[in-house]
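What follows is a set of notes on a single structure, which appears directly below.
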Amino acid sequence: MLEKMKRWTSTKEPDSLSQRINDCKNYKMPDHIAIIMDGNGRWANKRALPRVAGHHEGMKTVKPITRLASDLGVKALTLYAFSTENWVRPKMEVEFLMKLPEEFLGTFLPELIEENVQVQMMGDRDQVPSHTLIAVDQAIEKTAHNDGLVLNFALNYGSRNEMIQAIKAFSCDVKDGKVMPEELDDDLFGSYLMTPHLGDPDLLIRTSGEIRLSNFMLWQMAYTEFWFTDVLWPDFKEEHLVEAIEGFQKRSRRYGGLKSEDMT
Ligand code: FPP
């Protein structure tokens, strides 16, 4: 506790990144980090580049952030890569976004395999082009035996869609006599969602200064700690992830209860 207090009140110069990385390993690490990677378009606009150049740069950011999350012992990293609402964007932008997983995994998959990272995907596969699914499925298959960080891509993902699918599946199970409506509780409902094996995110990071959830893991984020930053996703570096984790480690998570010292 004393150590933690010292950390909060420290006024010394910021430590080097590697020192901060080592330091934060001594405190509670978020098991599951979810990121809304926002601001790619604005990053490109600021440089008079086409929006897709921002997405491409944003794809590059995923590598160091994944490496660091893995090094820190984070168990799951869920990245919002494409939402069920993103289809209304210009066709060319959508096509570009759907090619990014192939490019990313084409160069990064060997390292993911080597580094014990397990690739997963959540989202509605129906509209996703087959060339994207082939690349993602290959990565899922080749990393299935890894048991380190789960790198979970939310691709054609929308939380309302996920919940509606869950309710439909639950209703079918009720109709088939597999489950009784009275049995429905938080855990059972959660088991029909796309994330029961991951646990709820402990920390949500959204870049680019937007402060909203945009239909992202609404059920799972009931008690998630939120970290909003003005940094645009292509500019998001390791130090920003460390800063978010340091912020998380200072939070008091009470889940509707009280801190133990306030219980008496
Ligand atoms: C939102 O920024 C970002 C997206 C819709 C796409 C995010 C995708 C990536 C960062 C690449 C993912 C990489 C892999 C490997 C799949 P925006 O375009 O809405 O930005 P803006 O608000 O500034 O316009």
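The values are calculated or read from the model by the stated rules, or taken from the named source; none is laboratory data. Here the structure is a predicted model, which is why all the values come from computation and not from measurement. Using ideal geometry, Cβ is built from the backbone for each residue, glycine included, and neighbour counts are taken over all protein chains shown. For the accessible areas, the whole protein counts, side chains as well, though only heavy atoms, and no ligand, DNA or RNA atoms are used. Shrake-Rupley method; radii C 1.70, N 1.55, O 1.52, S 1.80 Å.
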Placing unit charges on C-beta atoms (Lys and Arg positive, Asp and Glu negative, everything else neutral), compute the dipole magnitude of region 26-153 about its Cα centre in debye, rounded to 20. 560
Debye intensity ratio in log₁₀ form over the Cα atoms of region 23-95, taken at each q of 0.13, 0.24 Å⁻¹: -0.50, -1.10
When averaged across all projection directions, what area in nm² does the alpha-carbon convex hull of region 151-212 cover? 5.6
Using the eigenvalues of the Cα gyration tensor, what equivalent ellipsoid semi-axes result for region 173-239 when each is taken as the square root of five times the eigenvalue, whole Å, largest first? 35, 11, 10
Over the chain: helical MRE at 222 nm, DSSP H runs n ≥ 4 each giving -39500 (n - 2.57), nearest 500: -14000 deg cm²/dmol
Please state the shape class of region 76-123: rounded when a/c is under 1.5, otherwise prolate if a/b exceeds b/c and oblate if not, all from the C-alpha gyration tensor. oblate
Please work out the average accessible area per residue across region 8-101, using the 1.4 Å probe convention, and give it in Å². 51
Taking all protein chains in place and a 1.4 Å probe, what share, in percent, of the accessible surface of region 132-196 do carbon and sulfur account for? 55
Please return the longest range in the chain lying between exposed loop sites, taking GluC sites (Glu not before Pro), DSSP loop only, at most 15 other beta-carbon atoms within 10 Å, and leaving the sites out. 86-209
Could you sort THR84, THR224 by their accessible area in this structure, using a 1.4 Å probe and putting the largest first? THR84, THR224
In Å², rounded to a whole number, the accessible area per residue of region 127-264 with probe 1.4 Å is 54
Per residue, what volume in Å³ does the convex hull of the Cα atoms of the chain enclose? 159
